């Protein structure tokens, strides 16, 4: 009987946040996300190159990332619906842990920031993503 | 719950990847079921039973305790 690797690639989990492109859902998510990220960068640059009015360029710099990441959220939900039940379960477990830790961190940092007048950028919440990936990697090893 | 999936798959001469393709799941999912780390849902258990042409209870057994 052959022995095939039961593992998902750690680099895929950490860089893409998914189980990779072996599944159709994984390929779709990667391609859609890549195109969306390109658009997020290209649209404001194009607006500036085309000498559009500064208020419009400014607005695009705010709106493009917001819309882009909202779209990536939609691609993510579609990805979750597309993967098989075991992969979906691992993703949910990772999301649950990341959510709980993020709520705790947000409340704690918020209290500390208020107490000590720290200036903490809301963008630090993006750290939820590597945290989720780390938990996903850990969970995927548990079920090996 | 334990199962005889690995033995049945070997009898058929299928790789994990081939069985995964038949079931439309990932190879890692097949591995997790074979090693008893993951119990499949009822629809997936039925799909496995259909793939081998066997009743579910001859593949999956509830362990005591």
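The values are calculated or read from the model by the stated rules, or taken from the named source; none is laboratory data. Keep in mind that this is a model prediction, so the values were computed, not measured. Please note: Cβ atoms are built from the backbone with ideal geometry, for glycine as well, and neighbour counts cover all protein chains shown.
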Determine which member of the set A:111, A:105, A:98 is under 28 Å from residue A:35 (Cβ atoms), part of a helix (DSSP H, G or I) and at pLDDT below 95. A:98
Single unsatisfied condition, residue B:16 versus (1) buried (at least 18 other Cβ atoms within 10 Å of the Cβ); (2) closer than 22 Å to residue A:93 by Cβ: (2)
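Going by what's in this entry, would residue B:33 be described as farther than 27 Å from residue A:9 by Cβ and in contact with a strand residue (DSSP E or B) (Cβ under 8 Å, 6 or more places away or on another chain)?
When the stated conditions are applied, residue B:33 does not pass them.
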Give me the residue from segment B:38-56 that is outside any helix (DSSP H, G or I) and within 11 Å of chain A (Cβ to nearest Cβ) and, out of that set, surrounded by the fewest Cβ atoms within 10 Å (Cβ to Cβ). B:41
Has segment A:86-108 got any residue that is surrounded by 12 or more Cβ atoms within 10 Å (Cβ to Cβ) and over 26 Å from residue A:8 (Cβ atoms)? yes
Given (1) touching a helix residue (DSSP H, G or I) at 6+ places or on another chain (Cβ under 7 Å); (2) within 14 Å of chain B (Cβ to nearest Cβ), number of the condition residue A:142 does not satisfy: (1)
Within segment A:2-13, can one find any residue that is away from chain B (no Cβ under 12 Å) and touching a residue at least 24 places away in the same chain (Cβ under 8 Å)? yes
Subset of segment A:55-79 that is over 12 Å from residue A:32 (Cβ atoms) and in contact with a helix residue (DSSP H, G or I) (Cβ under 6 Å, 6 or more places away or on another chain) - its residue that is nearest to the other protein chains (Cβ to nearest Cβ): A:65
Here are some conditions: (1) more than 11 Å from chain A (Cβ to nearest Cβ); (2) at pLDDT 95 or above; (3) surrounded by 19 or more Cβ atoms within 10 Å (Cβ to Cβ). Residue B:22 meets all but one. Which one does it not meet? (3)
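Among the listed residues A:133, A:100, A:94, A:106, identify the single one that is outside the structural domain of residue A:17 (by TED's automatic domain parsing), in contact (Cβ under 8 Å) with a residue 60 or more places away in the chain and within 18 Å of the chain's Cα centre (by Cα).
It is A:133.
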